[in-house]
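The values are calculated or read from the model by the stated rules, or taken from the named source; none is laboratory data. Only a predicted model underlies this, so the values are computations on that prediction, with no experimental measurement involved. Because the Cβ atoms are built from the backbone with ideal geometry, glycine has one as well, and the counts that use them run over all protein chains shown.
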Amino acid sequence: MPRGESSDGARRMINIVALSKTFGSGATAFTALTDINITIRENEFFTLLGPSGCGKTTLLRSIAGFVDPSSGSLTIHGDDILSKPPYARPVNTVFQNYALFPHMTVAENIGFGLEMLDRPKSEIRSVVGEMLELVQMTEMADRMTSQISGGQQQRVALARALAPKPEVLLLDEPLSALDFKLRKEMQIELKRLQSETGITFVFVTHDQEEALTMSDRIAVMNKGRILQVGGPKDIYDHPAERFVADFIGDTNFVTAEIQSLEGDTALVRLPSGRQIAARSAPDGAVSGPVTIAVRPEHATLEAQGALLDGLLKNIVYFGTDTHYHVMTQDGSTFVIRRQNQPDAAEDHKVGEQVGISFNPGVAQVLRD
Amino acid sequence: MTKPRAFDVRRQSGFAFVALCCFVLLYLPIILLVVFSFNAGQSIAIWEGFSWRWYVSAWQNEKVQDATVLSLIIATCASLVATSVAVMAALATTRTGTFRGSALVFGMINQPLMIPEIVTAVALLIFFAMVKVATGYTGLWYLIIAHSAFCIPFAYMPIRARLQGMDLSLEQAAADLYGTPWRVFRMVTLPQLWPGVLAGAMLAFVISLDNVIITEFAKSAGQDTLPTYMLGQLRRVVTPEINAISTVLLAISVALVVAFYLLSKSKKQ
């Protein structure tokens, strides 16, 4: 699979260039989006991931038309949509609170978009039937929306947004109101719907696990900026910035110094004096002191004299795996995760001197 | 062990007495008014036995009939106009971003609640007199226009409250699903807004039905609504017929207020 920017194989669909949004003015002005540049491809499951207040919902609402960006451009298939009101944009939204019409039945809710498009009654009936089947709600067609459960409301909201067959479906944290088990089910369900309908999904979430399991590509956002765009594996294995590495999964940060750089491989010197090859971030530092990130499961516990040495401070048993907390020479804690084998005896003791090792290339040089 | 209690006004000495005084003051005159509407005698103060005669006499009184018809026409027209204007005003003040002078607009919509009624009445009297001189028209429209104007804030309040309580994302969802602003209003906003609109209309109706001061100043010669007719009667012979008419007006008001209460309660999900 090609990574990074769009190759010729996938068609570009949504093009966002230099988009910014500032709310208010003067002393109370708040910049929600700063210089956003993204290309979303056709039939892609694209996720905007970030903590609350990072601007991901503002970006989604800019696409839907409920937020008016201060500057920049936003095109779908080359059409400028910023000048269009929400009802003239070829996108539909699944709202966080579902926003089902309480005075209409399930079937009327699902048919609403087609009715607004003045489609013939017979077509509306058949599409609504299809949609009810797609989300397995056929029996509930004549219920009022207040008479169905949260998970069912979620399905109706999805069906309502899918019924007009939009070019893009926008989903604003649609799973956050569901309990854990239902959320897992709906994650799989959403993935299925996306591949069955072939519609481009733009999905907003603050849940890194949800983003990793569902997305084709993820844009990690913080403080109104996009920090990194890439596939789940790309983002997880090769975070470009400290925030990305920290927000997605657990990470060890180690200070190091770049010795030499060739392509995207940097030779770094660790505090112990040992050297190892690491992956450098695009537009990252080319020399001098840097921070490298190493995932806990990518490191192993060794005898002293490895890449890094330290004191084993703590062993935490988690069932599927065990975490070893090692205090390195510079006083920071390095966590190593090891998968447990059945009936394997614990061969390390708290308080002993140990070494830490990892393979060339697993360490990632961070941009900041 | 009793826990130290928070301050509770109901436990202060004399609370029951003050409360009782207030209720007596509020309701005893009304109760007496209703009781004496059934008096068999001519007096509004000396009880002579039960009778429906004053209701019958009021019912058969042509002047009362005319005044009732006029009152109902004015109240109906005024509540319709005031409610329509109030819906638009409420939409404008809740569904747009805050604009310069939005507080001023809010104040101006509610102006009739703050300006002394007698001032409005005198102003209307002078203004209508000028219009009458200019046009020669002396019909009902003066009263309908005047009533519509002072009923607007009463209709506006419940409608605005309802709009503010409504989930904005419903209207956004409708717009997102290709609903043009007018269709969104008709298909989504209005069905949700109905209880507020009905409440506003009923409130406006009652307010119009009750009005004396502005009506007295704005009406043309020979026009009488129920309240102005009653005021005129009080200057002559006072019979329990006035009590009977008052009681009917009271019953209508109470019925509308109760309906308003039930409506606002039942639709809150």
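Might you check whether a residue that is more than 19 Å from A:D246 (Cα to Cα), more than 29 Å from the chain's Cα centre (by Cα) and in the same structural domain as A:Q353 (by TED's automatic domain parsing) occurs anywhere in the range A:332-339? Scanning the range A:332-339, I find no residue that is more than 19 Å from A:D246 (Cα to Cα), more than 29 Å from the chain's Cα centre (by Cα) and in the same structural domain as A:Q353 (by TED's automatic domain parsing), so the answer is no. Taking the range A:276-290 as the range and being of a type in the set (V, I, T) and either within 22 Å of the chain's Cα centre (by Cα) or crowded, with 18+ Cβ neighbours inside 10 Å (or both) as the test, the residues that pass are A:I276, A:V290. Exactly one residue out of A:A88, A:A107 is among the aliphatic types (A, V, I, L, M) and more than 10 Å from chain B (Cβ to nearest Cβ), and it is A:A107. The set of residues in the range B:24-47 being surrounded by 11 or more Cβ atoms within 10 Å (Cβ to Cβ) and in a loop (DSSP other than H, G, I, E, B) consists of B:S37, B:F38, B:A40, B:G41, B:Q42, B:S43, B:I44, B:W47.
Only one entry in B:L263, B:L168, B:L249 is under 25 Å from the mean Cα position of the chain (by Cα) and either in contact (Cβ under 8 Å) with a residue 60 or more places away in the chain or closer than 30 Å to A:R119 by Cβ (or both), namely B:L263. The listed residues are B:S37, B:S71, B:S57, B:S79, and the only one of them that is under 30 Å from B:V105 (Cβ atoms) and in contact with a helix residue (DSSP H, G or I) (Cβ under 8 Å, 6 or more places away or on another chain) turns out to be B:S79.
Screening the range A:163-185 for residues that are away from chain B (no Cβ under 11 Å) and among the acidic types (D, E) and picking the one that is nearest to A:E196 (Cα to Cα) gives A:E167. How about the range B:169-184: which of its residues are at the interface with chain A (Cβ under 7 Å from one of its Cβ atoms) and more than 19 Å from A:D172 (Cβ to Cβ)? Selection gives B:T180, B:R183. Restricting the range B:185-208 to residues that are farther than 15 Å from B:S84 by Cβ and surrounded by fewer than 23 Cβ atoms within 10 Å (Cβ to Cβ) leaves a set whose member that is nearest to the other protein chains (Cβ to nearest Cβ) is B:P191. For the range A:171-200, residues that are modelled with pLDDT under 90, of a type outside the set (A, V, I, L, M) and assigned to a loop (DSSP other than H, G, I, E, B) total 4. Among the residues of the range A:91-101, those identified as polar (S, T, N, Q) and facing chain B (nearest Cβ under 7 Å) are A:N92, A:T93, A:N97.
Of the strands (runs of 3 or more DSSP E) that lie entirely inside the range A:201-278, those containing 2 or more residues that are free of Cβ contacts under 8 Å to residues at least 40 places away in the same chain and of a type in the set (S, T, N, Q) span A:252-262. When B:S148 is tested against (1) without any contact (Cβ under 8 Å) to a residue 60 or more places away in the chain; (2) within 21 Å of the chain's Cα centre (by Cα), just one condition goes unmet, and that condition is (1). Each residue in the range B:107-124 was checked for being part of a helix (DSSP H, G or I), hydrophobic (A, V, I, L, M, F, W, C) and surrounded by fewer than 17 Cβ atoms within 10 Å (Cβ to Cβ), and 7 pass.
Out of all the residues in the range A:139-149, which are under 32 Å from the mean Cα position of the chain (by Cα) and closer than 19 Å to A:M186 by Cβ? A:T145, A:I148, A:S149, listed by residue number. Take the range B:64-106 and flag every residue that is surrounded by fewer than 19 Cβ atoms within 10 Å (Cβ to Cβ), at pLDDT below 90 and part of a helix (DSSP H, G or I). Result: B:A92, B:T94, B:S102, B:A103, B:L104, B:V105, B:F106.
Evaluate the range A:256-275: report whether one residue or more is surrounded by fewer than 18 Cβ atoms within 10 Å (Cβ to Cβ) and under 24 Å from A:P51 (Cβ atoms). No, the range A:256-275 has no match at all.
Suppose the filter is at pLDDT 90 or above, touching a His at 6+ places or on another chain (Cβ under 8 Å) and of a type in the set (S, T, Y); does B:T215 pass it? Yes: the conditions hold for B:T215.
Here is a check on your reading of the model: is A:R160 within 12 Å of chain B (Cβ to nearest Cβ), within 33 Å of the chain's Cα centre (by Cα) and basic (K, R)? Yes; evaluated as a whole, the condition is true for this residue.
Listed conditions (1) touching a Phe, Trp or Tyr at 6+ places or on another chain (Cβ under 6 Å); (2) more than 24 Å from A:D368 (Cβ to Cβ) are all met by A:L182, apart from (1). Given the options A:L114, A:L132, name the one that is within 12 Å of another protein chain (Cβ to nearest Cβ) and either among the basic types (K, R) or crowded, with 21+ Cβ neighbours inside 10 Å (or both). Answer to the selection: A:L114.
Here A:V316 fits the description: of a type in the set (A, V, I, L, M) and under 33 Å from the mean Cα position of the chain (by Cα).
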